[in-house]
Amino acid sequence: MLRIYLFLFVIATLSGIGYSAYWYYETSEAEKARLRENNIVLQGVTETLEKTVVELEDQASNNALMIKDLQESLQKSEAGLDRLRKRFSQIDITRQALEDPADLERRINRGVDRLIQNILSDTSPTTNELREDDGTNSSN
């Protein structure tokens, strides 16, 4: 009888060890499968983030170039403004208007025409579009 109990004990122990090994194998295979899926998802996210970083770097460099251009334009505008301030400080409009009003009127009209042309050239790609739209459809 002792042999039967010993045999059953050995069989039970080996069965327990075998089942534990099977359970460990199945659990680790399921874990590997889950980790593979997570790895695929993370690789996709990583690629997306890398593309986003590259796009942001490109945008940052483009913004830096545009800021540089704007700063140069601002400096030119400020220089022109300083030139105009200096010129206006030298002009006595009242005296010139009394001496030769027709000449002053021509100079003012010429300056206004140049200003309008500069504004039109700065704000529209072509002047033909402005001529086509004569404002008849305006709500004002």
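The values are calculated or read from the model by the stated rules, or taken from the named source; none is laboratory data. These numbers come from a predicted model, not from an experiment. Here the Cβ is made from the backbone with ideal geometry for all residues, glycine too, and neighbour counts use every protein chain on show.
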- Filter pass, SER89 being in a helix (DSSP H, G or I) and either in contact (Cβ under 8 Å) with a residue 24 or more places away in the chain or over 33 Å from the mean Cα position of the chain (by Cα) (or both): yes
- Task: Within region 107-140, work out how many residues are farther than 30 Å from ILE91 by Cβ and at pLDDT 90 or above.
- Result: 0
- Single residue of VAL53, VAL10 found to be modelled with pLDDT under 95 and β-branched (Val, Ile, Thr): VAL10
- Query: Among (1) surrounded by 10 or more Cβ atoms within 10 Å (Cβ to Cβ); (2) of a type in the set (Val, Ile, Thr); (3) modelled with pLDDT under 95, where does ILE4 come up short?
  - Reply: (1)
